[in-house]
1. From the alpha carbon gyration tensor of the range 78-117, can you work out the equivalent ellipsoid semi-axes (sqrt of 5 times each eigenvalue) and give them in Å, largest to smallest?
2. Using protein chains only and a probe of 1.4 angstrom, how many square angstrom of SER169 are accessible, to the nearest 10?
3. Given the options LEU120, LEU12, LEU144, state which has the largest fluctuation in a GNM of the chain using a 10 Å cut-off (strictly under) for Cα springs.
4. Need the full-extension length gain, ILE192 to ASP43, defined as separation in residues times 0.36 nm minus the C-alpha distance. One decimal, nm.
5. Angle between the Cα long axis of helix 167-180 and the longest principal axis of the chain, 0 to 90 degrees, nearest 10?
6. Could you give the distance between the Cα centres of the range 155-198 and the range 1-15, to the whole Å?
7. If you keep only loop residues by DSSP, which chymotrypsin sites (Phe, Trp or Tyr not before Pro) in the range 136-202 have at most 13 other Cβ atoms within 10 Å of their Cβ?
8. With only alpha-carbon pairs counted, each pair once and no self-pairs, how large is the Kirkwood hydrodynamic radius of the range 102-194 in angstroms?
Amino acid sequence: FDSATRVVMTSLQAYEGKSKAQTEDDLIAKVRLYRILADISRDAEDQEGLIASLQKARHLQKTILNSGRGAMTGERLREQTKVATELCYDLGNAHSSDLEASRQFYDLALQHDEGHKKSLITLAKISLAQGEVERCEQQCAQLLQVDPDNKEALSMLADIIFRKGELDSAAKCFQQLLQRCPTEFNALSRLIDLLRRGGEID
């Protein structure tokens, strides 16, 4: 890990030592290097280094987007917005021991991309774990608009509706889940129970 870190740091120092003002391409390259440094820290289980590298990359990425938003082509802007989204998501994961900080970063990811699947499903899981059922339901519904076949969102939504006593709606959710994932035996068991309650099977 030390040798890999030295190689990346040498590359970063080369950019810092440039006499001319750094171009947009320079900043993009530095973001890539900080993301590599974050990966090295993650593999080395260096949480402090991981967060520091991701924060530096995010700060640079904000500069890239703010300075280039008017001049970037559509494709380049989409690429750089995706990088900003992933950096916020990665920071959310890196702060998993602090739910509030974690949530803030996932919310920031959604500001860049309101349909970011990984942020939506993670936020829904956090909401459910915290007993915030309505919030979880909204997040699952938002995710299913983007990804109608999302197994985890369908499963959580069906379970929430079941708890609320809306048995017909819950049965439809479990049926939809089973159409996508026929081997989801827990969903099958819940559906059979619901159908029995409704008198549709003996």
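1. Taking √(5λ) for each eigenvalue gives 18, 9, 6 Å, largest first.
2. 50 Å²
3. With Cα springs under 10 Å in the chain, the top fluctuation among LEU120, LEU12, LEU144 is at LEU12.
4. 49.2 nm
5. The answer is roughly 60 degrees.
6. 52 Å
7. Values: sites: PHE162, PHE174, PHE185; in loops: none.
Answer in residue order: no site qualifies.
8. Its Kirkwood hydrodynamic radius stands at 13.4 Å.
The values are calculated or read from the model by the stated rules, or taken from the named source; none is laboratory data. Since the structure is predicted, the reported quantities are computational estimates derived from the model, not experimental observations. Don't worry about glycine lacking a Cβ; one is built from the backbone with ideal geometry, like all the others, and counts go over all protein chains shown. Remember, those area values only see protein heavy atoms, side chains included, never the ligands or the DNA or RNA. Shrake-Rupley method; radii C 1.70, N 1.55, O 1.52, S 1.80 Å.
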